[in-house]
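> Shown below is the structure under consideration.
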Amino acid sequence: MEATVAQTGTEGKTWGGGNKPLGASYGKLMMWFFIASDALTFSAFLAAYGFSRFKFIDSWPIADEVFNHFPFLHGVDAPMYYVALMTFILIFSSVTMVLAVDAGHHMNKKKVTLYMFLTIIGGLVFVGSQAWEWKNFINGTYGAVETRGGQILQFVDTDHERVALADFAKALPQDRVEHQPSNGVWYDADKQTSASFTVEEITKGFEANPNILVRIQQLDENGKKIVLSREASLAKLKNDAVTTVEGANLTHNEYGPPLFADFFFFITGFHGFHVSMGIILNIIIFFNVLVGTYERRGSYEMVEKVGLYWHFVDLVWVFVFTFFYLV
Amino acid sequence: MAHDSAHTNQSATKRIWYVFMLLSVVTIVEVVLGIFKPAFLVQTDILYMHLLNWIFIILTVYKAYLITWAFMHMEGEKKGLRRSVVWTIVFLVCYLVFILLAEGVYIHDVFANGFVTWNF
């Protein structure tokens, strides 16, 4: 019986099977298709960010004011420098990765080892930098007051320079009663009781300092935040302010709409997660290179595949950099 | 591909450093523009956005092209692979961005012109 191995008469023809139309190995092809689907996930996040941005186009936080820290330069306004440094670190680790792939093509185990090692270091430095960026973002710098409608009121002096709450708020004598679990912890889980100053203290301090003004979220035609007059500031603070906001979390942030912090945490967090996974993959491959797995296999294609992933992570950061910090 | 670049060792490394230099220069240009924000670029609007933002986006796409083509070695892959990845992404992303941004503009208009109280 020859029924199970029937000849179709198409061997050697285009549709006869056995040829590789895309000229890539299975693993590499699947990595490309994974990257394509992951790219769509990230574009969905960034497009959703764009949606919120266009929705609040005239009241969105100004990135230069939010991300203006640099290590060892306390209180110096350094917009962009830190994130530019992070971008360079990631691009450079991409370069060492592609050098490792190139060395793999020449079966040069020593060079692959060195470049893989440098790539891992670059990735670790990047993730560490991102953690520092998060720390600054979560702690905040100046503090602000939130209104009933969720609008953020920030404080500036007469030169429109930002003023921190601690610089003018008056500490009032008050009884702070420790909240007992017996009173039910869940009923007021939303209340922000741990802020350094209450709204009353801020209002008192504001009244005592005539050179402080309120800055609202809305932008004027030059893209600057609108600063209210002294009378309007006082009225706004007295009538609308309900809570103190210091730093950022998922529901409140001192920079502007809560969505801004949500997207920042989610997109840079998801990207940071990708970088962390990339570091782990790189470490696995690094040890495989060390013990000579690919030397025996006769091909360093595994380095190439993990390299594709690593470059993709770099590619995503290029877009995050543009849409969070530049545009 | 392994056998393509095996005999052109020097030029492959050279190209990597050349692309790294290009990426660096573009990033530096972006950072400088981002810090100084030239007034005429901010005040000129094309298609709902400042000219400056368009410049940023074009430079970003250029960087993405460099990374994909040189570092991810898309230039050495077959036409079929290249098209199945790149065209899919480009088409779907354009669609997604158009839908979401158009909707965002609409909601902004409702906030601005509709009878919605939000500033309290």
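The values are calculated or read from the model by the stated rules, or taken from the named source; none is laboratory data. These figures come from a predicted structure and were not determined experimentally. Heads up, the Cβs are rebuilt from the backbone with ideal geometry, glycines too, and the neighbour counts pull from every protein chain shown.
> Only one of these conditions is not met by A:MET86: (1) under 15 Å from A:ILE285 (Cβ atoms); (2) within 14 Å of chain B (Cβ to nearest Cβ); (3) within 23 Å of the chain's Cα centre (by Cα); (4) surrounded by fewer than 22 Cβ atoms within 10 Å (Cβ to Cβ). Which number is it?
In the conditions (1) under 15 Å from A:ILE285 (Cβ atoms); (2) within 14 Å of chain B (Cβ to nearest Cβ); (3) within 23 Å of the chain's Cα centre (by Cα); (4) surrounded by fewer than 22 Cβ atoms within 10 Å (Cβ to Cβ), A:MET86 misses (1) alone.
> While we're looking at this one, here's another question. Could you please find all residues in the stretch A:68-102 being small (Gly, Ala, Ser) and either under 14 Å from A:GLN130 (Cβ atoms) or not in a loop (DSSP other than H, G, I, E, B) (or both)?
A:ALA84, A:SER93, A:SER94, A:ALA100
> Scan (1) closer than 22 Å to B:HIS50 by Cα; (2) within 11 Å of chain B (Cβ to nearest Cβ); (3) surrounded by 17 or more Cβ atoms within 10 Å (Cβ to Cβ); (4) out of contact with any Leu (no Cβ under 6 Å at 6 or more places or on another chain) for the single condition A:PRO61 breaks and write down its number.
With respect to (1) closer than 22 Å to B:HIS50 by Cα; (2) within 11 Å of chain B (Cβ to nearest Cβ); (3) surrounded by 17 or more Cβ atoms within 10 Å (Cβ to Cβ); (4) out of contact with any Leu (no Cβ under 6 Å at 6 or more places or on another chain), A:PRO61 is out only on (2).
> Taking the options B:VAL105, B:VAL90, B:VAL97, name whichever one is aliphatic (A, V, I, L, M), in contact (Cβ under 8 Å) with a residue 12 or more places away in the chain, surrounded by 11 or more Cβ atoms within 10 Å (Cβ to Cβ) and not assigned by TED's automatic domain parsing to the domain that holds B:TRP17.
B:VAL105
> Still on this structure, I have one more. B:ALA70 - would you say it is more than 15 Å from the chain's Cα centre (by Cα) and either under 21 Å from A:ILE91 (Cβ atoms) or more than 9 Å from every other protein chain (Cβ to nearest Cβ) (or both)?
Against the criterion (more than 15 Å from the chain's Cα centre (by Cα) and either under 21 Å from A:ILE91 (Cβ atoms) or more than 9 Å from every other protein chain (Cβ to nearest Cβ) (or both)), B:ALA70 qualifies.
> Please determine whether any residue of the stretch A:265-285 is over 17 Å from A:ASN139 (Cα atoms), among the aromatic types (Phe, Trp, Tyr) and crowded, with 17+ Cβ neighbours inside 10 Å.
no
> Can you tell which of B:ILE16, B:ILE89, B:ILE28 is modelled with pLDDT of 90 or more, over 30 Å from A:TYR300 (Cβ atoms) and either within 9 Å of another protein chain (Cβ to nearest Cβ) or in a helix (DSSP H, G or I) (or both)?
Going through B:ILE16, B:ILE89, B:ILE28 in turn, the sole match is B:ILE28.
> Against the definition (at pLDDT below 95 and touching a helix residue (DSSP H, G or I) at 6+ places or on another chain (Cβ under 9 Å)), how does A:LEU326 come out, yes or no?
Criteria met by A:LEU326.
> For the stretch A:103-126, indicate whether the set of residues that are in a strand (DSSP E or B) and more than 12 Å from chain B (Cβ to nearest Cβ) is non-empty.
No, because not a single residue in the stretch A:103-126 is in a strand (DSSP E or B) and more than 12 Å from chain B (Cβ to nearest Cβ).
> Might you check whether a residue that is closer than 22 Å to A:LEU234 by Cβ, β-branched (Val, Ile, Thr) and either modelled with pLDDT under 90 or touching a strand residue (DSSP E or B) at 6+ places or on another chain (Cβ under 7 Å) (or both) occurs anywhere in the stretch A:162-181?
yes
> On to the next question. Looking at A:ASP77 and the list (1) among the charged types (D, E, K, R); (2) within 9 Å of chain B (Cβ to nearest Cβ); (3) surrounded by fewer than 17 Cβ atoms within 10 Å (Cβ to Cβ), which single condition is not satisfied?
In the conditions (1) among the charged types (D, E, K, R); (2) within 9 Å of chain B (Cβ to nearest Cβ); (3) surrounded by fewer than 17 Cβ atoms within 10 Å (Cβ to Cβ), A:ASP77 misses (2) alone.
> Taking the conditions exactly as written (polar (S, T, N, Q) and within 13 Å of another protein chain (Cβ to nearest Cβ)), does A:SER129 satisfy them or not?
Criteria not met by A:SER129.
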